[in-house]
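Down below is the structure, laid out as structure tokens.
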Amino acid sequence: EGADAALVPMPHFFRYQQVDLEHFCREVSRNLPLPCLLYNLPVFTNPLEIETTIRLLQEAPGIVGIKDSSGDSEALTQYPEACRDARDTTSLMVGKDVRSYDGLSSGWEGCVSGLGNLCPELVVELYRSFKAGDVHRAQACQVQIGRLFERVFRLPVPWSIRIGLEARGLDCGPVALPLAPEREKQAADFRE
């Protein structure tokens, strides 16, 4: 279909050891006809440990980067150092919006933002400001992203994004599950 790469999340539902995840990633990257980016999303899947990730980024052919949504501050500093010799071919993308500025400051290329679905202009402004050397503006954007992040996560994220887009004038249709009365109040507060 013309994709440049595949984003490969870790298995979910059942818990696996790191050796299992590493073997899974190596097999997927060996069998796909395009480069792979690891997707570390420990809230919903098995977490990749830093050592496992570094080994895969350094050794596994076909694995060309990671979207890391763990928010782990050690990962933010260790991955750029571990991939220093392969920076032209390894992409490091922050996946947790509240860590975007920290990632950019540590040498990551950018972020794949969930909040960018709701407020792309804020995420883009953070990135552009940082790249232009306007650290104060980038930090101010990160503060705003943090405030929005806090509000968004009071409801399940898909609900918040839909409700927020509706408040911005974009009709996305109803949420997947009916809202309980308590959730209706939270949704009204979020809209406001």
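Scanning region 41-61 for residues that are of a type in the set (F, W, Y), buried (at least 19 other Cβ atoms within 10 Å of the Cβ), closer than 29 Å to Q144 by Cα and in contact with a strand residue (DSSP E or B) (Cβ under 9 Å, 6 or more places away or on another chain) turns up nothing. Considering V98, V123, V175, the condition of being outside any helix (DSSP H, G or I), without any contact (Cβ under 8 Å) to a residue 60 or more places away in the chain, in contact with a helix residue (DSSP H, G or I) (Cβ under 8 Å, 6 or more places away or on another chain) and β-branched (V, I, T) is satisfied by V175 alone.
From the set of residues in region 68-95 that are more than 13 Å from the chain's Cα centre (by Cα) and assigned to a loop (DSSP other than H, G, I, E, B), which is modelled with the highest pLDDT? Applying the filter and picking the extreme gives T90.
Residues in region 134-169 that are at pLDDT 95 or above, open to solvent by 100 Å² or more (accessible area, probe 1.4 Å) and not charged (D, E, K, R): H136 alone.
Per this entry, N117 is counted among residues that are surrounded by fewer than 20 Cβ atoms within 10 Å (Cβ to Cβ) and not acidic (D, E). Screening region 1-43 for residues that are acidic (D, E) and out of contact with any helix residue (DSSP H, G or I) (no Cβ under 6 Å at 6 or more places or on another chain) and picking the one that is modelled with the lowest pLDDT gives E1.
Residues in region 6-33 that are farther than 16 Å from T90 by Cβ, of a type in the set (A, V, I, L, M, F, W, C) and open to solvent by less than 100 Å² (accessible area, probe 1.4 Å): M10, V19, L21, F24, V28, L32.
The values are calculated or read from the model by the stated rules, or taken from the named source; none is laboratory data. The shown structure was predicted, so the numbers you read here are calculated from the model rather than taken from an experiment. Counting neighbours? That spans all protein chains shown, and the Cβs are built from the backbone with ideal geometry, glycine included. When the accessible area is computed, the model is the full protein with side chains, heavy atoms only, and any ligands, DNA or RNA have been set aside. Shrake-Rupley method; radii C 1.70, N 1.55, O 1.52, S 1.80 Å.
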